[in-house]
Amino acid sequence: MIEESWGQVRNELLKSVGKNNFASWIEPLKLDTLENGIARFEVPTKFMRDWVSRNFAEQIRQHLTRVGAEVERVEFHVPTQRDAAPAKAEAKPNRASRNAPRAGDDAELPGAPLDARFTFDSFVVGKPNELAHAAARRVAEGGPVTFNPLFLYGGVGLGKTHLMHAVAHELQTRQPDLRVLYLSAEQFMYRFVQALREKEIMGFKEMFRSVDVLMVDDVQFIAGKESTQEEFFHTFNALVDQNKQIIISADRAPGEIKDLEERIKSRLQCGLVVDLHPTDYELRLGILQQKAEQYRGQYPALKLANGVLEFLAHRITTNVRVLEGALTRLFAFASLVGREITLDLAQDCLADILRASDRKVTIEEIQRKVAEHYNIRLSDMIGPKRVRTIARPRQVAMYLAKTLTTRSLPEIGRRFGGRDHTTIMHGIRKVEELKTTDSQLSEDLNMLRRLLEG
Ligand code: ADP
Ligand code: MG
């Protein structure tokens, strides 16, 4: 019963906290007991205990209650004999930390767990990320520090975290004694605030200054958080002075992070700044092929039809996380129903993802393109003129707005200079009526639609 509800809850949590959070924080939890309204979990480390109980306890409690386990409180404890936690078990995330001989009994670095799957081997290199990859490789060799910091930036899901973990894995393998610390900027802040609260700021400073390699992920998070920035700045300088390697990631370039102190911006720009560009078709296909190869091992009976990966690489352009999610679902689904993975199956099973990644056409774009096509001014498109040469294109734009976007009639009305929804409806009807008899109009519509969706 315990196992069953926890299994169910884990699935729900995977959905609500996301894959990465799940792998880092939920997966390592072991449900010990569930009695008298108290769910007790075992966690591998103190740091994880604090983090999980702060960030996920309530969600876990709610989910457990929802599946019928009456839970009032959720508790986390760390097993007393530390050797129970394997340092390098494949299935569990490794920790980016070494036990320090110097700093007393709680000597563990407060790093975040590393995802064992994020290695250089599993990172597919293409034009958009080759520079970032090369720089990360260089740092992972662990030679003399040549650029400090290495600053990686790029949009969500493009592989920043993957690369940082890969560097940590590689360094740890090459030099097991190296003190490598990986954590998110959010965790940095959390540790800092905790140290302030518990009056352990000296210990905090000492610990962060004792690492050999510091990696801080998603540094944009500390924008606007003054005292955390201040502390980060000092930590950063102290390590640079000692010639210790620092790697930072963010979702944008240092100069573009709002509410970040100037002196920090300029410090961050001192080393090597490289960006991960949005994926291109080849890279997406490469990633899909690699993933599919893994799945072939996992589901040897499954057949994958030609063209499916190409189709996905073409259609899902948002980010790699979505792309991976799509493939995972596709294989799971196909193996459940025991069918070959074909284009049809992919379209069925991934309809929601495909729809969401369809290019979104905006009403403004439609108005602009239609105005251009009929050679009228954009202001006339929205304005009150009723002459046919303007009213007709306007109706065409209304029609396209209704068929190409999900906007409602009143919304469309607002974008057309605050017209009433009945006016919009009339315009749409007019075009629908005309296009069956007016071949020029129907041609115009086809062309505009292609242009806008292209
Ligand atoms: P970010 O930190 O930039 O938001 P992540 O590093 O978390 O992105 O990457 C999101 C997902 O996409 C991860 O599962 C990661 O393994 C995968 N991924 C991203 N880029 C690549 C790549 N070039 N090769 C293989 N997997 C990738
Ligand atoms: Mg990331």
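The values are calculated or read from the model by the stated rules, or taken from the named source; none is laboratory data. Source: prediction; values computed, not measured. Heads up, the Cβs are rebuilt from the backbone with ideal geometry, glycines too, and the neighbour counts pull from every protein chain shown.
Computed quantities for the displayed model
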| quantity | calculated |
| --- | --- |
| Residue in the stretch 139-152 that is closer than 22 Å to Leu183 by Cβ, touching a residue at least 40 places away in the same chain (Cβ under 8 Å) and near ligand 1 (Cβ under 9 Å from one of its atoms) present | yes |
| Residue check for Ile257: closer than 24 Å to Leu131 by Cα and within 12 Å of ligand 1 (Cβ to nearest atom) | no |
| Which listed residue, of Val67, Val52, Val71, Val78, is closer than 30 Å to Val320 by Cα and either in contact with a helix residue (DSSP H, G or I) (Cβ under 9 Å, 6 or more places away or on another chain) or surrounded by fewer than 20 Cβ atoms within 10 Å (Cβ to Cβ) (or both) | Val52 |
| Helices (runs of 4 or more DSSP H) enclosed by the stretch 336-454 - at least 3 residues per element that are among the charged types (D, E, K, R) | 363-374, 388-404, 409-415, 421-435, 439-453 |
| All positions within the stretch 365-420 that are of a type in the set (D, E, K, R) and under 22 Å from Asn446 (Cβ atoms) | Glu365, Arg368, Lys369, Glu372, Arg388, Arg392, Arg394, Lys402, Arg407 |
| Residues (in contact (Cβ under 8 Å) with a residue 12 or more places away in the chain and more than 12 Å from ligand 1 (Cβ to nearest atom)) located in the stretch 119-138 | Leu131, Ala135, Arg137 |
| Some residue of the stretch 219-227 being in contact with a helix residue (DSSP H, G or I) (Cβ under 6 Å, 6 or more places away or on another chain) and crowded, with 21+ Cβ neighbours inside 10 Å | yes |
| Residue within the stretch 340-349 that is within 30 Å of Leu158 (Cα to Cα), small (Gly, Ala, Ser) and at pLDDT below 90 present | no |
| Only one of Arg368, Arg377 that is at pLDDT 90 or above and within 38 Å of the chain's Cα centre (by Cα) | Arg368 |
| Qualifying residue in the stretch 263-278 (condition: of a type in the set (D, E, K, R), over 18 Å from Asn148 (Cβ atoms) and more than 16 Å from ligand 2 (Cβ to nearest atom)) | no |
| Exclusive hit being in the same structural domain as Thr403 (by TED's automatic domain parsing) and of a type in the set (A, V, I, L, M, F, W, C), set Ile382, Ile316 | Ile382 |
| Total residues in the stretch 291-309, condition under 21 Å from Phe123 (Cα atoms) and exposed (fewer than 15 other Cβ atoms within 10 Å of the Cβ) | 5 |
| Every residue from the stretch 332-347 that is surrounded by 16 or more Cβ atoms within 10 Å (Cβ to Cβ) and farther than 8 Å from Leu302 by Cα | Phe333, Thr342, Leu345, Ala346 |
